[in-house]
1. How many nm is it between the label spots at His18 and Gln306, if each spot is 7 Å from the Cα in line with the beta carbon?
2. Going from most exposed to least, what order do Ser99, Ser139 have by accessible area with a 1.4 Å probe?
3. With r as the distance between the Cβ atoms of Ala80 and Thr110 and R0 = 30 Å, compute the FRET efficiency 1/(1 + (r/R0)^6) and round to 0.05.
4. What does the convex hull of the Cα atoms come to per residue for segment 37-85, in Å³?
5. May I ask for the angle, rounded to the nearest 10°, between helix 215-226 and the longest principal axis of the chain, with both axes built from Cα atoms and the value confined to 0 to 90°?
6. Could you pull out every residue, at least 5 positions away or on a different chain, whose amide H is within less than 5 Å of the one on Asp235? Hs are placed 1.01 Å off N in the peptide plane, and Pro or chain starts have none.
7. Compute the Cα gyration tensor for segment 225-312, then decide on rounded, prolate or oblate, letting a ≥ b ≥ c be the square roots of its eigenvalues: rounded whenever a/c is under 1.5, prolate when a/b is larger than b/c in the other cases, and oblate in all that remain.
8. Ignoring ligands, DNA and RNA, how do Leu104, Leu166 rank by accessible area with a 1.4 Å probe, largest first?
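The values are calculated or read from the model by the stated rules, or taken from the named source; none is laboratory data. Model, not experiment: these values are computed from the prediction. Positions of Cβ are backbone-derived with ideal geometry, glycine not excepted, and every protein chain shown enters the neighbour counts. Keep in mind that these areas ignore ligands, DNA and RNA; they rest on the heavy atoms of the full protein, side chains included. Shrake-Rupley method; radii C 1.70, N 1.55, O 1.52, S 1.80 Å.
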Amino acid sequence: MAVFTTVSPEELSLWLEHYPVGTLQDLVPIAAGIENTNYFVRTTMGHYVLTIFEKLQARELPYYLGLMNHLAAQGLPCPAPLPNRQHRFHALLKGKPTSLVTRLSGQSQTQPTARHCAALGHMMARMHQAALTFEETQSNPRGQDWRIRTAQEVRTFLTAAQQTLLDHALAQAVSFDAALPQGPVHADLFRDNVLFEGERISGLIDFYFAGTDNWAYDLAIVANDWCMTPQACLDPLRLSALLGAYHEKRALTAAEIGLWPRMLGTAALRFWLSRLHDQFQPRPGSLLNPHDPAWFERILSHHLEQPCPWPL
């Protein structure tokens, strides 16, 4: 259960008085997620998701919520943040910054097919292009500086073999390159952050790791989750469907294609490091079931031992 801050119906009802959403009908905690506290909220005027930010500060939220609002206004299936009566997308609840966004329909796909991957490839290209007109900027909060800092923090917990793998991965990692196509990226578009109705994408959610980075890096993050086999290698059919659909909408450059194998390794390193950090240096009382870092260690090892060239 990833509900770190408990909210009673009475507390939320008072908070909702500042929003034009009617009166509270139902409040249900959401077990998924490891960063924030989330609740499904039903009022007399609709269905919403309440997010209480456990790590992000109020000053950081305008970028994330503004990006979601921008993409929703561009016709992307993203949650739209609701402004309160003070025209702000967030307000304090129990002393923590909190937002209310529209709830989207659909379910995540735990076993995606090539068709699901193709739909996501098209949607990612649309998302990248739509985000270009978003005026706010923020560097990737888990980019190169974060990788180096986090590697230092977890190194002492690793075996000698793992430390060697870490050093190799850091040497191969691709830093943000302004010469490559770039803009706001989701940076965490795993299967549980995409909703489907049938084979149609009905929701892109959880933008709270977003920032400016190279688009190919965002695509590599997706490939490492959506196209991976139980043997920690990429499935050619799903990978070709994902990349072919994306390339059809936004053709990758020769430089992006040349860096593709290293982008995959960099994306795997990011999630190996974050899971190692959550395992060895968790926030007190928060991560009851942290993700096992061994899975991304296997993926990273595979990418470094057998680099995957651009398949198209």
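1. Here the modelled spin labels are 5.4 nm apart.
2. Ser139, Ser99
3. On the way: r = 26 Å, r/R0 = 0.87.
The computed FRET efficiency comes out at 0.70.
4. About 100 Å³ per residue, rounded to a whole number.
5. Roughly 90 degrees between the two axes.
6. Placed amide hydrogens put Met228, Thr229 under 5 Å from Asp235.
7. Working: a/c = 2.27, a/b = 2.17, b/c = 1.04.
Because a/c hits 1.5 or more and a/b exceeds b/c, segment 225-312 counts as prolate.
8. Values: Leu104 45, Leu166 0 Å².
The residues order as Leu104, Leu166, largest area first.
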